[in-house]
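Below you'll find the structure, written out as structure tokens, and then a few comments.
The values are calculated or read from the model by the stated rules, or taken from the named source; none is laboratory data. Being a predicted model, the structure only gives us computed values, none of them experimental. Here the Cβ positions follow ideal geometry from the backbone for every residue, glycine too, while neighbour counts run over all protein chains shown. Ligands, DNA and RNA are excluded from the accessible area calculation, which covers all protein heavy atoms including side chains. Shrake-Rupley method; radii C 1.70, N 1.55, O 1.52, S 1.80 Å.
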Amino acid sequence: MKQAPRVVFMGTPDFSVPILRSLAEHSYDIRAVITQPDKPVGRKRTLTPPPVKSEAQRLGLTVLQPKKVRDEASLDAIAKLDPDVIVTAAYGQILPQKLLEIPKAGCINVHASLLPRWRGAAPIHRALQNGDRKTGITLMEMVLELDAGPILSTRELSITAEDNVGTLHDKLAHLGAELLIATLPEYVAGHITPQPQPTDGITYANRILSDDEEVDFTNSSEAVHNHVRALSPWPGARTSWNGVRLKLWQTRQMSADSFTGTNHIGEGIVPESLTPGTVFASAQGSVLVQCRDKPVQLVQVQPAGKKAMAAEDWFRGIQTDRTMLGENG
């Protein structure tokens, strides 16, 4: 029986878990799983393992958690594992050239976009935020430059109007696992010639920072809707109401004939005359917030210190027929 390729797997968040699991289910010789150190989580700062560590321990695999994988001690430990191939999926540290040269076949990265579009840390968030209609998985051979390695294989995925970062993340994680299992044997056998990435169409998916969470209602309703779903369920889009933080977890785009040129908006409110950020109820009871061009429907919100709730319940509770988001008034 032919010996299974020796694999070192490097990953950290939930995205990496189905990919690690698929390697184990297909009987690859996983010499070790390398992941980020445990981190304090929550108000009690409880030291918590990354999802990949928990899955690796469930599978009975060896786990290494170097603080800096580029340290000589870490590189020596990985070299002693004598891998045929290293597979990375959202590991979270830059790999040095010395590490890339360790495996006999090379290092493969599972990236959640159709490269060269959305190189970087947050490809799923940025694709949704940008209103992309498709995304996918790219398997590439790793090089020192960020997500710039030659491509081994790709698989496309349509982004639906209902997708948010949570649903799209899960779809891409499983697609990445499938594509890796389909590609890895041919790659290790030397039957795939990696293809250079196109020089056109390069974009970068910068990490999501706290300032990225703030909703700007002077943008179009489509941009506001894309912003909310690109940050749901993590970290969450935010605005403020009456000086208190308000998370927006779900919005819905409105069709043009649902509020223009008719009396569908309650009590004679004309959306076009409203300042962006104004919240009001439609005649049907939907809670709408005016954007630059037209309203977007608020579906689920979460005031600070409370659980997420239907926008209608929140609006009914504040007992007003009109209010503003994004300012203290």
query = Name the pairs: first residue in the stretch 60-76 and in contact (Cβ under 8 Å) with a residue 12 or more places away in the chain, second residue open to solvent by 40 Å² or more (accessible area, probe 1.4 Å) and not in a helix (DSSP H, G or I), Cβ to Cβ under 6 Å, at least 6 apart or on different chains?
reply = Gln65/Pro37; Lys67/Pro37; Val69/Gln93
query = Does Pro103 satisfy being out of contact with any helix residue (DSSP H, G or I) (no Cβ under 6 Å at 6 or more places or on another chain), open to solvent by less than 30 Å² (accessible area, probe 1.4 Å) and at pLDDT 95 or above?
reply = yes
task = Note down all Cβ pairs under 6 Å where the first residue falls in the stretch 175-189 and is open to solvent by 50 Å² or more (accessible area, probe 1.4 Å), the second is at pLDDT 95 or above, and they're at least six residues apart or on different chains.
result = Glu186/Ile192
ask   = Taking into account only those residues within the stretch 38-50 that are in contact with a Pro (Cβ under 9 Å, 6 or more places away or on another chain) and exposed (fewer than 13 other Cβ atoms within 10 Å of the Cβ), which is farthest from Ala79 (Cα to Cα)?
value = Thr46
request  = Considering each residue of the stretch 1-49, count those that are over 13 Å from Leu59 (Cα atoms) and of a type in the set (Ser, Thr, Tyr), and give that number.
outcome  = 5
request  = State yes or no: is Leu172 out of contact with any Lys or Arg (no Cβ under 8 Å at 6 or more places or on another chain), aliphatic (A, V, I, L, M) and within 27 Å of Tyr28 (Cα to Cα)?
outcome  = yes
ask   = Is it fair to say Thr12 is open to solvent by less than 40 Å² (accessible area, probe 1.4 Å) and either under 20 Å from the mean Cα position of the chain (by Cα) or over 16 Å from Cys107 (Cβ atoms) (or both)?
value = yes
query = Looking at the stretch 61-83, which of its residues are open to solvent by 30 Å² or more (accessible area, probe 1.4 Å) and more than 26 Å from the chain's Cα centre (by Cα)?
reply = Leu61, Thr62, Asp71, Glu72, Ala73, Asp76, Ala77, Ala79, Lys80, Leu81, Asp82
task = Kindly check whether there is at least one residue in the stretch 315-325 that is in a strand (DSSP E or B) and within 28 Å of the chain's Cα centre (by Cα).
result = no
request  = For the stretch 125-136, state whether one or more residues are surrounded by 20 or more Cβ atoms within 10 Å (Cβ to Cβ), among the β-branched types (Val, Ile, Thr) and touching a helix residue (DSSP H, G or I) at 6+ places or on another chain (Cβ under 9 Å).
outcome  = yes
ask   = Mind checking whether some residue in the stretch 150-161 is out of contact with any strand residue (DSSP E or B) (no Cβ under 6 Å at 6 or more places or on another chain) and open to solvent by 40 Å² or more (accessible area, probe 1.4 Å)?
value = yes
inquiry  = I'd like to check which strands (runs of 3 or more DSSP E) are fully inside the stretch 151-259 and have at least 3 residues that are touching a helix residue (DSSP H, G or I) at 6+ places or on another chain (Cβ under 6 Å) and farther than 20 Å from Met140 by Cβ.
reply    = 244-253
